[in-house]
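Worksheet: the structure to be examined is printed underneath.
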Amino acid sequence: EQWLVETEPRTQPNRYETEMLCGKYWLDCSRMHPLMTELPEVVHLPSRVSSHLELRAAIDLLAGELDEMRPGSCVALPSLIDLLLVYMIRAWMTEAPSGAWPRVLGDPVAAAALRALHSNPAAPWSNDRLAAEAGVSRPTL
């Protein structure tokens, strides 16, 4: 998968400056999470990520590591890229809540049931047990 983050244009005397942070993220498609299959081929996030403070912080941290290449950057960069992916997906889900997964994850009961299923997929799940894990009655589930 490829991703691109644009930062806001900055005005300089008689010119505009745009910073771009680009990269690729490789995913194991043999075990793709259903949420990832709903992502469009290109996710465009506006440069104004002020409503997504964690995403802005991750972008700034990543840009700082890339600019300065301080000791330990080789350890920090992979983790920051993973974190950036999580925050980008969260921002995308907030900005474009279409598709089944974003709607399901917005429902607290369905989200609790999905967390239980994903935490122990080999468990002998039943509707009663799943409802209990979600903290609701079976008909509510």
Highest-first arrangement of 53-63, 68-78, 111-121, where packing means the average Cβ count within 10 Å = 53-63, 111-121, 68-78
Heavy atoms of D67: accessible area, 1.4 Å probe, square angstrom to 10 = 130
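The values are calculated or read from the model by the stated rules, or taken from the named source; none is laboratory data. None of the values given here were measured: they were computed from a predicted structure. Neighbour counts run over all protein chains shown; Cβ positions are idealised from the backbone, glycine included. These area figures cover heavy atoms from the full protein model, side chains too; ligands, DNA and RNA do not enter into them. Shrake-Rupley method; radii C 1.70, N 1.55, O 1.52, S 1.80 Å.
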